[in-house]
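The values are calculated or read from the model by the stated rules, or taken from the named source; none is laboratory data. Predicted, not measured: the structure shown is a model, and the values here were computed from it. Here the Cβ positions follow ideal geometry from the backbone for every residue, glycine too, while neighbour counts run over all protein chains shown.
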Amino acid sequence: MADSTTNVPPPPHTLFDTILVLDFGSQYTHLITRRLRELSIYSEMLPCTQKISELSFKPKGIILSGGPYSVYWDDAPHVDPAVFELGVPILGICYGLQEIAWHSDQKNVVAGEKREYGHAILNVHKHTGKTAHVDALFAGLEEDMDVWMSHGDKLSQRPAGFVTVAASENAPFAGIAHEEKEWFGIQFHPEVTHTKKGTPLIKNFAANICGAKQDWTMDAFVGKEIDRIRALVGPKGQVIGAVSGGVDSTVAAKLMHEAIGDRFHAIMVDNGVLRLNEAKQVKETLTAGLGINLTVIDASDRFLDLLAGVKDDPEKKRKIIGNTFIEIFQEKAKEIAAAAKGSANEGEIEWLLQGTLYPDVIESISFKGPSATIKTHHNVGGLLEGMHLKLIEPLRELFKDEVRALGTQLGIPEDLVWRHPFPGPGLAIRIIGEVTRDQVRIAQQADFIFIDEIKKAGYYKQISQAYAALLPVKAVGVMGDKRVHAQVIALRAVETTDFMTADVFDFPTKFLSKVSTRIVNEVDGVCRVLYEVTSKPPGTIEME
Ligand code: GLN
């Protein structure tokens, strides 16, 4: 096995100016990182417990996030004091502000008489003379700012060596800055969109105060990542990976193809519960269009036979599909590995491609308090067991919007780059009750019509996810003067930014009637169409 770790180009935090976000467990921490990336400034998040001596790069600046604790609790989390010795600018947000104040004197933070949630008006204080430089954080922003707060604790006094840069009615020290060092603290959350001028403030800190270059673009990333993949895999090494036709796996596969050509082997498993003509289309796009070395395995019968008779247990459907997928993938991987071994200039398959994105990484490293256990990554486990492969994750530093930009950069067609997510268990969890071949046909045809109409009407990009589900009930209808007794389709379309919460998409009734008419006319076995109007929560985006 080639030693693939020598001469591997370093990861982005070494190549790009990086703002390090230390996480105290706020539900908004990842948004700080996102806002920075939107400003083309590279940023990574690490838990607040990160030891500075173990950091493999030197950040241009540090942001301390919010968090659910009170700094004065005995078991409250605190940063490594070396953070304050690093000599780089620091911005504390909410708990982060309180941490900065507490670090200077533990008497500085107390429980407020009033909690403050929601909008607040912030008065920005201007300075002259020797402290004029502290105005850099609010430079160019209005003196009365509309900000968003979420705190119960407050600073009881201004820490020694600090000046006040902003105040609100409830928080007299809503913004502080050190007179000499570039340390700033703000009580409000600039990372949430409710704070109107939050992004310009983050830019003031990162670009102007820290001096971080705004050079993080997919154009700059792609070449470096291809070099990294080549160095990691070596001149002969081979990689195998599953593709689904979704944006993440396609972008990851195309990147691998650019880096190592046909030494990347993509496998697509047709599990019989894909969308209409999906396997065929994915094959065309990936092979003819993008040049990826792809094998499609039609295993629909194997999946559908196993799913027969499973009625009331959605988890069982998911398990059957997940486990069978792993079995088939491994069988095929062994075949490809055996075939690849003999060829003259190719080495063994040593790597498994995984389309992990930065939100998955954040989820597994975010600070969850002293008692929390670290969650293992849900996709990886099953495939790695029994296959002696190393993981390669070329998208693990990227957010979804960056993956899309990278996809466009790599020449992946627009409709694929903007494709809605599709669940691994496919239509099986959109067909409530038993999954039979005929139920799959109905669900596929109805879904096709719905999406087709959405695209024609120009709604596709506004909607985050849309599909037609098939309900296991029959209703009475009248078609061509004849009484019919047929099934019911439920349409679902949601808008969301993070898939954690979702709103129902507000279609005009005319549009829904048109879709209904087409489905009832064109799909045999359906006589009614409903529109599902449950938000998330309490509903989930998928039905099962
Ligand atoms: N727990 C702290 C408070 O209530 C910090 C809250 C926060 O960071 N959002 O003030």
Subset of region 155-169, residues under 10 Å from Leu122 (Cα atoms) and assigned to a loop (DSSP other than H, G, I, E, B), comes to Ser168, Glu169
Output yes when any residue across region 23-32 is assigned to a loop (DSSP other than H, G, I, E, B), over 21 Å from the mean Cα position of the chain (by Cα) and within 12 Å of the ligand (Cβ to nearest atom), and no when none is. no
When every residue in region 118-137 that is of a type in the set (S, T, N, Q) and at pLDDT below 95 is compared, the one nearest to the ligand (Cβ to nearest atom) is Thr131
Which numbered condition Gly140 misses (of (1) over 31 Å from the mean Cα position of the chain (by Cα); (2) within 16 Å of the ligand (Cβ to nearest atom); (3) in contact (Cβ under 8 Å) with a residue 12 or more places away in the chain): (2)
Residue under evaluation Thr14, criteria (1) free of Cβ contacts under 8 Å to residues at least 60 places away in the same chain; (2) assigned to a helix (DSSP H, G or I); (3) within 16 Å of the ligand (Cβ to nearest atom), criterion not met: (3)
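Being polar (S, T, N, Q) and part of a loop (DSSP other than H, G, I, E, B) is the filter; apply it to region 179-213 and report the residue that is farthest from the ligand (Cβ to nearest atom). Walk me through it before giving the result.
Here is the first cut: in region 179-213, the residues polar (S, T, N, Q) are 187, 193, 195, 199, 204, 208.
Subsequent filtering for residues that are part of a loop (DSSP other than H, G, I, E, B) retains 187, 193, 195.
Numbers: Gln187: 8, Thr193: 16, Thr195: 13 Å.
Result: Thr193.
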Would you please name the residue that is surrounded by the most Cβ atoms within 10 Å (Cβ to Cβ), looking only at residues in region 44-75 that are more than 16 Å from the ligand (Cβ to nearest atom) and free of Cβ contacts under 8 Å to residues at least 40 places away in the same chain? Gln50
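Here is a yes/no grid of residues against (1) assigned to a helix (DSSP H, G or I); (2) over 13 Å from Gly291 (Cβ atoms); (3) touching an Asp or Glu at 6+ places or on another chain (Cβ under 7 Å):
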site	(1), (2), (3)
Ile229	yes, yes, no
Ser249	yes, yes, no
Ala252	yes, yes, no
Leu255	yes, no, yes
His265	no, yes, no
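Identify all residues within region 169-178 that are crowded, with 20+ Cβ neighbours inside 10 Å and within 16 Å of the ligand (Cβ to nearest atom); write none if there are none. Please lay out each step first, then the result.
Just the residues of region 169-178 that are crowded, with 20+ Cβ neighbours inside 10 Å, to begin with: 171, 173-178.
Selection gives Ala171, Phe173, Ala174, Gly175, Ile176.
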Identify all residues within region 85-134 that are out of contact with any Ser or Thr (no Cβ under 8 Å at 6 or more places or on another chain), assigned to a loop (DSSP other than H, G, I, E, B) and in contact (Cβ under 8 Å) with a residue 60 or more places away in the chain; write none if there are none. Val88, Pro89
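Counting just the residues of region 154-165 that are under 37 Å from the mean Cα position of the chain (by Cα) and more than 16 Å from the ligand (Cβ to nearest atom), which one comes out surrounded by the fewest Cβ atoms within 10 Å (Cβ to Cβ)? Walk me through it before giving the result.
Within region 154-165, the first condition is being under 37 Å from the mean Cα position of the chain (by Cα), and the residues that meet it are 154-155, 164-165.
From the residues that got through so far, the ones that are more than 16 Å from the ligand (Cβ to nearest atom) too are 164-165.
Values: Thr164: 17, Val165: 24.
Checked region 154-165; the qualifying residue surrounded by the fewest Cβ atoms within 10 Å (Cβ to Cβ) is Thr164.
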What number of residues within region 386-444 satisfy the criterion of being assigned to a loop (DSSP other than H, G, I, E, B), β-branched (Val, Ile, Thr) and surrounded by fewer than 18 Cβ atoms within 10 Å (Cβ to Cβ)? 1
